[in-house]
Each structure stands twice: as C-alpha cells, then as structure tokens.
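Report on the following structure.
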Amino acid sequence: MNASFPAMHLELSHIFSTINRDPDVKVVVLTGAGDRAFSAGGDVKNMLRRLTTADHAAWLRGMREAKDLVYSILRLEKPLITRVNGHAMGLGATLAVLGDFSYMIETAQIADTHVKVGLTAGDGGSMMWPLLMGFMKAKQYLLTGDPLSGKEAAELGLITGSAATMQELDELCFGMADRLAGGATLAVNATKASINMLLRRLLEGVIEAHLGAETLTYLSKDHLEAAKAFNEKRTPDFKGE
C-alpha cells in the first residue's frame, strides 16, 4: 500500500532537490508501486511504536523532513505530474495535490485522514486543499477525513483530471509529460516558477506553524488512542484530550 516508513520519508525530503540539480531531467512523474495504492500515508503501527517508546526524537526528525519535502516540491523547477494509480491517504493525498498536474483513477479514493488518527492536517493538506477547492469544501473534507473518489476530486478542482482505466491514466500522465518535455524548457520552467512564487509567498513560513500544531496533537491522548485502536482493529474512542 506504499505506506510511508522512515527511510522513504527521508528520501522524499531530499529527492526533489536532487532532481532540481539534474540537467537531464525535464519532467517528473511521481506514482505508487503496484496498482492498489498511490500511498496509504503514514504507517500507523510505526506511530504506535514511537508513542509507546516515547521516541519523540523520531517524530521531530519527521517534522523537519516534512517541511523539507513541501519546500523542495514548491521550489522544484521542473514540472511535476502525480500519477495517482490508487488510493491516496494522509501524506499520499498531500503528495498527490502538490503536483503541477495530478491525474487519478476515478474509482480510487483520496482523503486527508489526519483527524481520523487524532492529528492536525499539518503537512500540507490544510494549506493546499483550501487553495485548490475553496475553503468551505476543504473544511468539509479536512475536518472529517472523509474520502472523495478520483472523479469527485477532479470535479471539485482538487486534482487536474481522472481516468477510468490505467491505460487512460498513462495516456494522460505520459502524454502531458512528453508534451512538456518537448516544449520550450526554459519558458515552461520559468512560467512554473512564476506561478509558484505566489504559492511560496502564501505557504512558506506557514508550514512551520502547521507542523507545530500537528506536533501538539501528536502528544495528545486521542492520537495514542487512534494508534492503539488501529492496531487492535477497533473504532477509536476519542475523548478530546
């Protein structure tokens, strides 16, 4: 299910900076292995391990990496296409919507599920979703953690478009990749950078506050309850603590 584990999270935090320095790369396509999920988000079992062992240093490292990940994508000069080949949850949903173009299988689900595990949607969802789909709709989905299908996400403007089949998804993603790679690279990259200047002014600096809010909820009893409930395959009993 391509859940994020520590080594993957670390790699994601610097891979886009590495790509930015590679003159042979013109376009980036980010997708998930297999055909079940783009990414199921954070590994809840690992969350429980951190909490029960009080490994708060690992959490703080993850928060620094989350900041570096968002910043490096916003500063990526080359166009980024996210090929959402299955469910995109939590961090997976954030990665999906940070693409310059995002195409998704229409029957797959996308959701920022942070609140369902007792966490603030701090690693990008609370920044990008309101800008893409409007504040009222974003609140509806971010405060509940409810999922949208790829078709619904496209209709609401959260992603660029949806596809009925994997073949159609590939035609959309790699067709756009070929078109951009064959275009005037300097002009394409400079236009993207110009657009992202606006995004960066809105978002850079805010991410630290959002991750701070997520850290506060990481230390809550509700988050611990959610991790235990997931491990025990039951519904969490939140107390608002």
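The values are calculated or read from the model by the stated rules, or taken from the named source; none is laboratory data. Everything numeric here is computed off the predicted structure, so don't read it as measured data. Note that we place each Cβ from the backbone using ideal geometry, even for glycine, and neighbour counts take in every protein chain shown. Just the protein is used for accessible areas: all its heavy atoms, side chains included, with ligands, DNA and RNA removed. Shrake-Rupley method; radii C 1.70, N 1.55, O 1.52, S 1.80 Å.
Computed values, structure above
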read-out	value
Cross-chain or 6+ apart pairs with Cβ under 7 Å, region 119-138 first and farther than 20 Å from residue 204 by Cβ, then open to solvent by 10 Å² or more (accessible area, probe 1.4 Å) and in a helix (DSSP H, G or I)	119/217
Residue count for region 129-152, restricted to those that are open to solvent by 50 Å² or more (accessible area, probe 1.4 Å), under 20 Å from residue 40 (Cα atoms) and part of a helix (DSSP H, G or I)	2
Elements of type helices (runs of 4 or more DSSP H) in region 1-92, at least 3 residues being hydroxyl-bearing (Ser, Thr, Tyr)	6-20
Any helices (runs of 4 or more DSSP H) falling wholly within region 153-241 and containing at least 3 residues that are without any contact (Cβ under 8 Å) to a residue 60 or more places away in the chain and touching a His at 6+ places or on another chain (Cβ under 7 Å)	none
Out of 67, 26, 78, sole residue that is among the basic types (Lys, Arg), open to solvent by less than 30 Å² (accessible area, probe 1.4 Å) and out of contact with any Gly (no Cβ under 6 Å at 6 or more places or on another chain)	78
Condition check for residue 211: surrounded by 11 or more Cβ atoms within 10 Å (Cβ to Cβ), modelled with pLDDT of 95 or more, under 18 Å from the mean Cα position of the chain (by Cα) and of a type outside the set (D, E, K, R)	yes
Tabulated pairs, region 77-91, first closer than 17 Å to residue 123 by Cβ, second modelled with pLDDT under 95 and assigned to a strand (DSSP E or B), C-beta under 9 angstrom, 6+ apart or interchain	89/42; 90/4; 90/42; 91/4; 91/42
